Amino acid sequence: MRMGIAKDVLQHPEDLIPLAKLMVASKKIKMQLPAEPHWGFAYSMLQNVSRSFALVIQQLGPELRNAVCVFYLVLRALDTVEDDTSIPVDIKVPILLGFHEHIYDRDWHFSCGTNAYKVLMDKFHFVAVAFLELSKSYQEAIEDITMRMGAGMAKFICKEVETVADYNEYCHYVAGLVGLGLSKLFHASRLERLAPDSLSNSMGLFLQKTNIIRDYLEDINEIPKSRMFWPRHIWSKYANKLEDLKHEENSAKAVQCLNDMVTDALAHVEDCLEYLSELKDPAIFRFCAIPQIMAIGTLALCYNNAEVFRGVVKMRRGLTARVIDQTKSMADVYGAFYEFTALLQSKVDDKDPNASYTRYRLYIIKKLCVSSCFIQKSGLWVVDNGLMFRSVLMMILVLVLALFFAAKLMK
């Protein structure tokens, strides 16, 4: 992994300083775990199940950060139950429906999942103890969303995602409600006004649809049973079975289906930008904006890319570090969305059956970014690779600095 990062830095020297900052921040988080066993478990578990979220959550103040941490772990645990295809339906459904009650039980736990998720479930009582220390307004928001999400997940245990309406409904239950819940927590903190449900929902749907697109291969290869979230209404235009898309001989049709899915996700961008533009608290803004930029960047990489059906397609670590380092204002958001949209636009093939509609969606996004009058080009993709970056002296400097920071972190 370190060799891969070193190679990326050689190709993108502009990533070096943000990467160094990210590495220092990650080490700092690991060294500053709370002393209380339940909070120590919560924050260490957060790092194990999502390093990126563990970093982004640091943008928030202590009280709201604790509430969001618990909210995230509760929903991760709920998601672990839903994801475990080895749990019989007659056992899984009651757990999903009653999960909002278990968060009040200091002794409850249920063994399922794998790796870090199994640890989370085996020691869920720590999460419950942390939950019970939150203020009542936070507890009520978390309980409400957990109850609604569990019911939605239970509904789709025995229901296929057939239509785009089904797809939107499923994504609402597993992610749109997260957006609604976060808006409730922000409002409970008295730092933000309560956002409209439609905008909060789109914030979650955009992230979830990006994950569903990116994770096609992982989901379709799930053992003992495939997990299929791409709606039949879309994939049936390109294949007889959803799993057929992973076979190399079907690459052309698979990519067309992928592009259709990406175009569908882009419909949520306008709402996301409106939601972000209404945020007042700088910390909450960064917490919300960074994942959205990561999502549009991931979609730009996935679009027209057959590698989605061969392995994992994701933003390089250095670019992720730059997004975290550079996202400070709405101008930065508009700039990043404009640049990633332009990258995606450059990949649209005239022969793609959805080319016209994809270009229309991209036009709307770019127009919105430009008309905001706040656009700030971030240089996330368009970098001046002149003689300075190509010179031997620059390469030597990069290597020396990289080795220096690596040595410091290893001590």
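The values are calculated or read from the model by the stated rules, or taken from the named source; none is laboratory data. Being a predicted model, the structure only gives us computed values, none of them experimental. FYI the Cβ positions are ideal-geometry reconstructions off the backbone, even for glycines, and counts take in every protein chain you see. Side chains are part of the model used for accessible areas, which takes the heavy atoms of the whole protein and leaves out ligands, DNA and RNA. Shrake-Rupley method; radii C 1.70, N 1.55, O 1.52, S 1.80 Å.
Things to note:
- Ligands, DNA and RNA left out, the accessible area of region 179-323 computed with a 1.4 Å probe is 47% carbon and sulfur.
- Here the ratio of the Cα radius of gyration of region 61-182 to 2.2 N^0.38 Å is 1.04.
- Set of aspartates and glutamates near K184 by C-alpha distance (under 12 Å), chain-local residues within fewer than 8 positions excluded: E140, E143, D144, E192, D197
- Loop sites in region 166-206: trypsin sites (Lys or Arg not before Pro), DSSP, at most 16 other Cβ within 10 Å: R190, R193
- Spin-label pair Y104/L132, simplified geometry with 7 Å Cα→Cβ offset, distance in nm: 1.2
- When the chain is described by a simple charge dipole with +1 on each Lys and Arg Cβ and -1 on each Asp and Glu Cβ, the residue from V370, H233, Y216 located farthest towards its positive end is V370.
- In a reduced charge model with +1 at each Lys and Arg Cβ and -1 at each Asp and Glu Cβ, region 186-231 shows a dipole moment near 140 debye about its Cα centre.
- Considering only C257, H100, V348, and ranking their Cα positions along the charge dipole of the chain that arises from unit charges at the beta-carbon of Lys, Arg, Asp and Glu, the one farthest toward the positive end is V348.
- Check: region 136-237 dipole with +1 on Lys, Arg Cβ and -1 on Asp, Glu Cβ, in debye: 120
- 15 Å Cα-Cα reach of K253 towards aspartates and glutamates, excluding residues that sit fewer than 8 places from it in its own chain: E243, D244, E307, D349, D350, D352
- Pairwise centroid distance, computed over Cα atoms, of region 123-197 with region 238-300, Å: 21
- Nearest-20 debye value, the chain charge dipole, Cβ charges on Lys, Arg, Asp, Glu: 1400
- The mean accessible area for residues of the chain, using a 1.4 Å probe and ignoring ligands and nucleic acids, is 47 Å² per residue.
- Among M149, L73, S86 - extreme Cα towards positive end, dipole of region 60-155, charges at beta-carbon: L73
- Long hydrophobic helices in the chain: the complete DSSP H runs spanning 20 Å or more by Cα along their own axis with mean Kyte-Doolittle hydropathy of at least -0.5 are 16-31, 62-83, 136-157, 197-214, 251-266, 282-302, 330-346, 355-371, 392-410.
- Base-10 log of normalised Debye intensity for region 288-337 (one unit scatterer per alpha-carbon) at q = 0.17, 0.22, 0.26 Å⁻¹: -0.52, -0.77, -0.96
- Taking GluC sites (Glu not before Pro) across region 127-181, the ones in a DSSP loop with at most 12 further Cβ atoms lying within 10 angstrom of their Cβ are E160, E162.
- Cross-link pairs K27/K118; K209/K237; K209/K366; K246/K366; K30/K225; K27/K209 - those with Cα-Cα distance over 29 Å: K246/K366; K30/K225; K27/K209
- The sum of -39500 (n - 2.57) across all DSSP H runs of n ≥ 4, divided by the residue count of the chain, sets its helix-only mean residue ellipticity at 222 nm to -21500 deg cm²/dmol.
- The orientation-averaged shadow of the Cα convex hull for the chain, equal to a quarter of the hull surface, comes to 20.6 nm².
- Within the shell defined by Cβ-Cβ distances under 15 Å, the residues around M45 carry a net charge of +3, with Lys and Arg each +1 and Asp and Glu each -1.
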